[in-house]
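Some notes on the structure that comes next.
Read the figures in this text as sums done on the coordinates, not as results from a lab. In this text the structure is predicted, and so the values were computed from the model without any measurement. With ideal geometry, Cβ positions are generated from the backbone for all residues, glycine too; neighbour counts draw on all protein chains shown.
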């Protein structure tokens with residue numbers, strides 16, 4: 001599932017720095033949605049100056065992470081600064097055709113709303129897997145609050161989560177599912193295009209749970225590279241955020 005590809009004028013944000021790792025989010029839009037909800041701000045009237053400052057503070061906490069992973073978050077940071085600068089400039093009362101000029105934040109609001117729709121669709125698909133396709137929780141009945149708190153059986157981590165920090169698994173997954181035929185693509189750093197694309201794994205075991213891999217040693221990285229038939233240097237690059 002995906003939304004329209006972003007353009008350089010399509011972002012704005014509502015973030016605040018806090019102590020959750022970058023790899024807990026599938027992308028910058030995921031982080032923005034979380035922060036909007038966290039601060040209970042109106043998605044149609046995002047305080048861009050405050051948000052930009054907090055987002056940049058959050059970016060500062062990523063300095064020890066792999067820049068290949070952080071790239072799309074940096075793009076969002078640059079876009080926030082661009083929107084902030086446009087908000088500071090005097091705005092004409094109307095355009096040449098008499099229509100009011102669009103709020104510089106409007107494009108991002110549309111993207112965030114679309115992102116929420118696709119996240120909701122992903123939630124619905126997971127529910128159907130549990131209750132219909134795999135059928136291991138056919139009697140499941142959860143309130144919206146319980147779904148948000150993930151009270152259901154099983155998990156659905158995505159590449160980049162603390163439990164699976166290796167983004168290269170997206171390659172085989174995209175090939176297996178025929179993602180390019182559906183209009184999805186991967187960049188050289190395994191970022192997904194369109195930006196709000198959803199990619200992850202379903203685990204149904206009753207004892208499956210989220211966890212953080214933590215730091216790994218050089219011997220573990222070399223063994224992982226061998227088992228994946230990857231060049232050791234390339235493997236170190238992708239596992240940089242968790243290498244001891």
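Structure values in brief
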quantity: Neighbour-count order for 203, 73, fewest beta carbons within 10 angstrom listed first; calculated: 203, 73
quantity: Ascending count of other beta-carbon atoms within 10 Å, so fewest first, for 238, 134; calculated: 134, 238
quantity: Ascending count of other beta-carbon atoms within 10 Å, so fewest first, for 235, 168; calculated: 168, 235
quantity: Theoretical FRET efficiency, 1/(1+(r/R0)^6), r = Cβ-Cβ of residue 164 and residue 78, R0 25 Å, to 0.05; calculated: 0.35
quantity: Span from the the range 103-141 Cα centroid across to the the range 185-225 one, whole angstrom; calculated: 20 Å
